[in-house]
Structures are given as structure tokens and as C-alpha cells.
């Protein structure tokens, strides 16, 4: 009897092991995808943080671990080749699951495969002109006398709220009436350090589309996927206006922390625009607003195809927007199909994000130079259908915090990005405020609290004589073409 029981026990254990092995084999594609997303995320983050932002890989890695709150990321191994400008990452060093990101002059880092490495590594874009010694915004000098109340507000913005929350503010710049009046940086970050804007990048994409519209390269209302999908398919009717307003109707899951459309697109797909264009139609274009990083990446892929010369396309952001706006630190990264990752991967210093905010607040003009077509910022600030008046064509028109009610100025407009990146523009106060950091979840309504704190700190400080408080982009009917 004992022999029989032992035999039955062994058979049972063998059956369990076979079941576990079979289940693992069935689940392997899902595990592999998850692990590859992690490899891509870390390779891209470490590459850009090291080669573009100029930070140590260890500091960037710690930021990534804080941002994702995923202990599995500690099991990933990385190799940095400073001479080649590459970062290679894989879980436990397994070659089958590794991803490589390579840095290119003027273009930052791009995730690539070994069979496409040489072609992508050879790409480059023009570098910025040397920075001027003039005072900001014309140059990089910041000539201001610290304002005690504002300095105290900056102290509070950098203070950690407690053990249960993480703020990790990296940079904060306050601009009033066109001049910097206060700024603060975390250790290892300088006024020249380019930092990721995440979804603040979407506004730069809209700006570039506006310039392209003025140049006659594209129109807002011409279908942009007619050559991709047949007549009768709702996707064939998607326009650039739909993409900028996120009313394209394409199915796209914007959930972070797992393998969804947005993480697969950013860290696995070589051609992000093609991936988004292939998504099923959930509803007809123009009917409903649905926040989508994919829509802005597709917008960049569409715009790329309006350039016959690839080098001219890769130079376009620098020549059309960054140089005219004085954004010398700005780096717009691409996917492996040479489309700028318009929904997420623009890096710039806090001062340059402030320049961009000032450009938008002043109707597309900075330091007397018109950079954006007249009326384009009005278009960006016009509420899109289905957004309950909260969202324009990539500008937030109310508080970034869902359901938050405050007595902040009614004319405020916002850029908002993942992990607590934001730019607040308050025309009635002549203010542009930029905050960059690594905050897994917004803490204590930090955006609204900081803005309210800054406004209160400057309440008794006289405005500049040339201030023009009535510069808010008024919502108007969007231009037709």
C-alpha cells in the first residue's frame, strides 16, 4: 500500500509540474511582452537621462525606480557604452529580452534593434546655436533680486510632504512679465539640464503642426489616413484636427503601469504612428474626446510624410520652433521610423519650457518675434467636442486635478505631463510657472497649491511697467485650414 501511495504521490507531483510548465509556456508571450516593455523603458530612460540630460546613470535609474514603484525593475541589468552612446538593458542580463537605445547628435536617444542599428545611429539633426550672454529670455542670464515671500514658496514646493507620499521636485521656474523672478533646482540639476516633459510635449507637436499648416504642407481637415484604410472605414476620415483634439475615435488604452496600448507603443513598437493607425475604430472621428498619447504620435508620423527629404524633416523642430523661440536645450526624440514621439519625448530645460509657455501665453510671439502663425494659440485653446470645456487642442483649460475647485484665476491654461510635469500660464498675472519632477502620483494637489502660493507671494510686488495682463488666448472658432 505504501508503494502505491508513493507512486500516486509521484504521479501527482509530476502532473502538477507538467501543468505548471504548460501554463508557463502558454503565459510566456505575455511575460515576454511585459519584460520587454521593462527593458525598453529602462534603456530609453537611462540613455536619455545620461546622454541628453547629462546625469549619472545611477541617479537616472533611481528616479525610474521611484517613478514606477516596481521592484522588478531592480532585476534588470544595464550596460553603458559612453564611446558608442548606447545603453543596453535586459532582465537578469538575458540576451533574448534585451533592448538597446542609442544617442544621436541633436535627436537624443532611440530604441532600436540590432538589424536596424547602423541606419538609426547615423541619423542626426542640427545642433542649437551657442547660447547668448543676454538676460533671459533672449539669453541664459537670470538677473533678479530674490523675493523673500517667493523664496519661501519655492521652499514649500520642494519640501517632501511626508512618509506616505513622494514629491521629488527637480526644477521650478517662475516667470513674471517676461522675466525670471525665481527658480530652484534639485541636486544634480542645473538651469541648462534638459528634462522630459512627457505629455507637455503634445503642445510642441501642435505648434509644429501649426507652422506646417502655415507653410502649406498640410491642412487641418483633410483626411490623413485615407491611404491607409479603405473608403467606408471610419478611420479613413480621421483628420489632423481630430488628432490634435484627441477626437480621432481610435481605440487606445492610456493606462500606465502595465502592458497597454501606450506602453507597448512607446517601448516595443518601431513605428509608433503605424501602430496607432492600425488600432480599431471605437467611434466615428470628431464625436468624442478621449485622451491619447497615440494621437499625437500619429500626428507626427503624418507630418513626417509631408517632407520629401528626411534630413529636412529631422531638422524641422529645431529650425521652425526651437531656434526661433530660443529653446537651445530642447531635444525631440524619434521612434525607429524617424517620427518624433510627439506625445511624450520632448526634453528641455525648465527655462526653455518656460520660454515655450511664454510663447503660448503671448499668442505665438516671444521677445518680439512671431514664431507661431497668428491665431494658432487661439485654436489650441478652443475647447474640443466632448471634453466638457476642459481641454483644447493639447492645452488644459482648467485645473489638472480632476474635480478640483479653486479660486485661481479663470484665465489660466496648462500644459500637463506624466509624473508631475506641468507649465501654468496665468495671463492676468503675467505669470508662467514650470515645475518638473518625478512624482508617481500628484501629492496634495501640488500644481494648484504651488500656483496659488506663487500668486500670493507676488501679490504685493509691483508689476513691470510694460506688463500687458490681457494676453489670454481667447477661445475662437478654429481656423479651417
(request) Check the range 356-365 and report whether any residue there is without any contact (Cβ under 8 Å) to a residue 60 or more places away in the chain and out of contact with any helix residue (DSSP H, G or I) (no Cβ under 6 Å at 6 or more places or on another chain). (result) yes
(request) Quickly run through the range 159-176 and pick out the residues that are crowded, with 18+ Cβ neighbours inside 10 Å and out of contact with any helix residue (DSSP H, G or I) (no Cβ under 7 Å at 6 or more places or on another chain). (result) 170, 176
(message) Taking the condition of being over 14 Å from residue 453 (Cα atoms) and either touching a helix residue (DSSP H, G or I) at 6+ places or on another chain (Cβ under 6 Å) or not assigned by TED's automatic domain parsing to the domain that holds residue 344 (or both), how many residues in the range 177-187 meet it?
(response) 1
(request) Considering only residues that are over 30 Å from residue 132 (Cα atoms) and touching a strand residue (DSSP E or B) at 6+ places or on another chain (Cβ under 8 Å), look in the range 364-391 and name the one that is surrounded by the fewest Cβ atoms within 10 Å (Cβ to Cβ). (result) 390
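Could we say that residue 154 is in a helix (DSSP H, G or I) and free of Cβ contacts under 8 Å to residues at least 60 places away in the same chain here? Explain how you work it out, then say what you get.
Working: in a helix (DSSP H, G or I): yes; free of Cβ contacts under 8 Å to residues at least 60 places away in the same chain: yes.
Yes.
Table: residues versus (1) buried (at least 21 other Cβ atoms within 10 Å of the Cβ); (2) within 17 Å of residue 209 (Cβ to Cβ).
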position	(1), (2)
261	no, no
266	yes, no
280	no, no
307	no, yes
313	no, yes
316	yes, yes
319	no, yes
332	yes, yes
(request) Please give the number of the condition residue 236 fails out of (1) in a loop (DSSP other than H, G, I, E, B); (2) surrounded by fewer than 23 Cβ atoms within 10 Å (Cβ to Cβ). (result) (1)
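Out of all the residues in the range 195-232, which are within 19 Å of residue 275 (Cα to Cα) and buried (at least 21 other Cβ atoms within 10 Å of the Cβ)?
Restricting attention to the range 195-232, the residues satisfying the condition of being within 19 Å of residue 275 (Cα to Cα) are 199, 202, 205, 223-230.
Of everything in the range 195-232, those that are within 19 Å of residue 275 (Cα to Cα) and buried (at least 21 other Cβ atoms within 10 Å of the Cβ) turn out to be 199, 202, 205, 224, 225.
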(request) Could you identify the single residue in 89, 110 that is buried (at least 17 other Cβ atoms within 10 Å of the Cβ), modelled with pLDDT of 95 or more and farther than 24 Å from residue 317 by Cβ? (result) 89
(request) Exactly one condition in (1) surrounded by 15 or more Cβ atoms within 10 Å (Cβ to Cβ); (2) within 28 Å of residue 38 (Cβ to Cβ) is not met by residue 327; state its number. (result) (2)
(message) Please count how many residues of the range 102-126 are within 23 Å of residue 53 (Cβ to Cβ) and touching a residue at least 60 places away in the same chain (Cβ under 8 Å).
(response) 12
(message) Can you find, within the range 177-194, the residue that is surrounded by the fewest Cβ atoms within 10 Å (Cβ to Cβ) among those that are under 14 Å from residue 356 (Cα atoms) and in contact with a strand residue (DSSP E or B) (Cβ under 8 Å, 6 or more places away or on another chain)?
(response) 179
(request) Can you work out which of the residues in the range 271-290 that are assigned to a loop (DSSP other than H, G, I, E, B) and under 18 Å from the mean Cα position of the chain (by Cα) is nearest to residue 110 (Cα to Cα)? (result) 271
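Determine if the range 337-350 includes at least one residue that is part of a helix (DSSP H, G or I) and either touching a helix residue (DSSP H, G or I) at 6+ places or on another chain (Cβ under 9 Å) or buried (at least 23 other Cβ atoms within 10 Å of the Cβ) (or both).
Pass one, the range 337-350, residues part of a helix (DSSP H, G or I): 350.
Adding the requirement that they be either touching a helix residue (DSSP H, G or I) at 6+ places or on another chain (Cβ under 9 Å) or buried (at least 23 other Cβ atoms within 10 Å of the Cβ) (or both) leaves 350.
Yes - at least one qualifying residue is present in the range 337-350.
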(request) Please work out if residue 189 is in contact (Cβ under 8 Å) with a residue 12 or more places away in the chain and closer than 30 Å to residue 57 by Cβ. (result) yes
(message) Among the numbered criteria (1) farther than 30 Å from residue 237 by Cβ; (2) part of a loop (DSSP other than H, G, I, E, B), which one does residue 216 miss?
(response) (1)
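Evaluate the following for residue 262: is it in contact (Cβ under 8 Å) with a residue 40 or more places away in the chain and not in a loop (DSSP other than H, G, I, E, B)?
On the way: in contact (Cβ under 8 Å) with a residue 40 or more places away in the chain: no; not in a loop (DSSP other than H, G, I, E, B): yes.
The answer is no for residue 262.
State yes or no: is residue 267 under 16 Å from residue 346 (Cα atoms) and either assigned to a loop (DSSP other than H, G, I, E, B) or out of contact with any strand residue (DSSP E or B) (no Cβ under 6 Å at 6 or more places or on another chain) (or both)?
Details: under 16 Å from residue 346 (Cα atoms): yes; either assigned to a loop (DSSP other than H, G, I, E, B) or out of contact with any strand residue (DSSP E or B) (no Cβ under 6 Å at 6 or more places or on another chain) (or both): yes.
In short, yes.
The values are calculated or read from the model by the stated rules, or taken from the named source; none is laboratory data. All values derive from a computational prediction rather than experimental measurement. Here the Cβ is made from the backbone with ideal geometry for all residues, glycine too, and neighbour counts use every protein chain on show.
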